[in-house]
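Working notes, structure below.
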Amino acid sequence: MNTASTTWKDYLELTKPKVVLLILLTAVVGMYMAPVESVPLDILIIATIGIGFASGGAAVVNHVVDQKIDAIMARTFKRPVVTGKVSDRNAIIFATFLSVTSMVLLLAFVNPLTAILTFLGLVGYAFVYTMYLKRATPQNIVIGGLSGAIPPLLGWTAVDGAGWNIHPHALLLVLIIFVWTPPHFWALAIFRKDEYAKADIPMLPVTHGIEFTKLNIVLYTLLLLFAAALPYVTGMSYLIYLVSSTILGAIFMYYAIKLWRTEERRVAMDTFKYSIYYLMILFIAFIVDRNFPVIVD
């Protein structure tokens, strides 16, 4: 155990900062899509910190629980808990600090609904998915994906949840991420199939084969196109969003079909990388569309 060389960067890595930043982007978009005149600056800052701390805390738990798996896989064997830079005990203390601080901030300065939903998301990812689903079923990412899909709902309720109401439009944002998650993660699982098999994790490519997984990526991507169109259909968003989601979706479908028809493993990683840009740009399009609405009669 080599804790002498531990730095703040090791603790930051435990929180999966790139993932958390994407989560926070969707949460902030949820705030600005809520039917309020403006987002209070204090709520924007505190809710973002609270949601970010909870997401980071869940990620730290994931590092501790999955360290034996991480030690086997090429992309994770240098993680701080695996290498011993951060001990299990210190990681758990850090996760507890982040999680408790998150709940205190959200309860004291935002509202109880956001705190409860955030807590459920934390438990869903850190314990239900990481400790059980990941090792129990090839549908792990589908079932467990709900916890990763709720950040825009958390942002929405942070500014519009004082009355314990959940707006249906907020659930559309959740639906988009929920449907996006399987093709996003299965593309990576195809690229890392051998490593998941070695770690005895029942990811879909391991249990049902690569070709079956590719077909499911195409089908889920098609479903994503319909889900992403719903904000326009329901009057939640306007023309800029519709054009953006259509173009982004068409490109995603191109990658999905290309992956389906090729044997080149690198295409899986290309699809995975594009899926991240897809979600980022799609949610940015919500904000642009909200601020510059183009309405077609």
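Tell me, yes or no, whether the stretch 225-233 has at least one residue that is at pLDDT 95 or above and over 18 Å from Ala170 (Cβ atoms).
Yes, that holds for at least one residue.
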### Task
Return yes or no: is Gly163 crowded, with 23+ Cβ neighbours inside 10 Å, closer than 27 Å to Phe286 by Cα and small (Gly, Ala, Ser)?
no
### Subset of the stretch 143-189 [closer than 17 Å to Val19 by Cβ, outside the structural domain of Lys273 (by TED's automatic domain parsing) and either touching a Ser or Thr at 6+ places or on another chain (Cβ under 7 Å) or assigned to a helix (DSSP H, G or I) (or both)]
Gly144, Gly145, Leu146, Ser147, Gly148, Ala149, Pro151, Pro152, Leu154, Gly155
### Message
Quick check on the stretch 124-144. Is at least one of its residues modelled with pLDDT of 95 or more and of a type in the set (Val, Ile, Thr)?
### Response
no
### Task
Exactly one condition in (1) touching a residue at least 60 places away in the same chain (Cβ under 8 Å); (2) among the small types (Gly, Ala, Ser); (3) part of a helix (DSSP H, G or I) is not met by Ala74; state its number.
(3)
### Query
Is it the case that Ile116 is under 20 Å from the mean Cα position of the chain (by Cα) and either of a type outside the set (Val, Ile, Thr) or closer than 30 Å to Asn216 by Cβ (or both)?
no
### Task
Taking the residues in the stretch 258-278 that are touching a helix residue (DSSP H, G or I) at 6+ places or on another chain (Cβ under 6 Å) and among the β-branched types (Val, Ile, Thr) as candidates, determine which candidate is surrounded by the fewest Cβ atoms within 10 Å (Cβ to Cβ).
Val267
### Task
Tell me which residues, restricted to the stretch 5-22, are more than 18 Å from Ser99 (Cα to Cα) and among the β-branched types (Val, Ile, Thr).
Thr6, Thr7
## Note on the structure
Taking first residues from the stretch 27-47 that are farther than 19 Å from Ile284 by Cβ and second residues anywhere that are outside any helix (DSSP H, G or I), the pairs with Cβ under 8 Å that are 6 or more apart or on different chains are Pro35/His167
### Query
Name the pairs whose Cβ atoms lie under 7 Å apart, with the first residue in the stretch 251-272 and assigned to a helix (DSSP H, G or I), the second surrounded by 13 or more Cβ atoms within 10 Å (Cβ to Cβ) and acidic (Asp, Glu), and 6 or more positions between them or separate chains?
Tyr255/Asp270
### Query
Of the residues that sit in the stretch 30-44 and are under 24 Å from Ile276 (Cα atoms) and out of contact with any Pro (no Cβ under 6 Å at 6 or more places or on another chain), which one is surrounded by the most Cβ atoms within 10 Å (Cβ to Cβ)?
Met33
### Message
It is to be established whether one or more residues within the stretch 236-243 are aromatic (Phe, Trp, Tyr), under 24 Å from Asn140 (Cα atoms) and assigned to a helix (DSSP H, G or I).
### Response
no
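Select, from Phe185, Phe178, Phe212, the only residue that is at pLDDT 95 or above, among the aromatic types (Phe, Trp, Tyr) and more than 28 Å from Pro231 (Cβ to Cβ).
Working: Phe185 fails: more than 28 Å from Pro231 (Cβ to Cβ); Phe178 fails: more than 28 Å from Pro231 (Cβ to Cβ).
Result: Phe212 is the single residue among Phe185, Phe178, Phe212 that is at pLDDT 95 or above, among the aromatic types (Phe, Trp, Tyr) and more than 28 Å from Pro231 (Cβ to Cβ).
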## Note on the structure
The residue that is farthest from Ile143 (Cα to Cα), considering only those in the stretch 201-219 that are part of a loop (DSSP other than H, G, I, E, B) and either assigned by TED's automatic domain parsing to the domain that holds Ala136 or touching a residue at least 12 places away in the same chain (Cβ under 8 Å) (or both), is Ile201
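Please specify each residue of the stretch 77-97 satisfying the condition of being in a helix (DSSP H, G or I) and surrounded by 23 or more Cβ atoms within 10 Å (Cβ to Cβ).
Pro80, Val81, Ala95
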### Task
Could you list all residues from the stretch 220-235 that are in a helix (DSSP H, G or I) and among the small types (Gly, Ala, Ser)?
Ala227, Ala228, Ala229
### Message
Out of the residues in the stretch 183-203 meeting the condition of being more than 16 Å from Ala74 (Cα to Cα) and among the aliphatic types (A, V, I, L, M), tell me which one is nearest to the chain's Cα centre (by Cα).
### Response
Ala187
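The values are calculated or read from the model by the stated rules, or taken from the named source; none is laboratory data. The shown structure was predicted, so the numbers you read here are calculated from the model rather than taken from an experiment. A quick note on method: Cβ atoms are made from the backbone with ideal geometry, for glycine too, and the neighbour counts reach across all protein chains shown.
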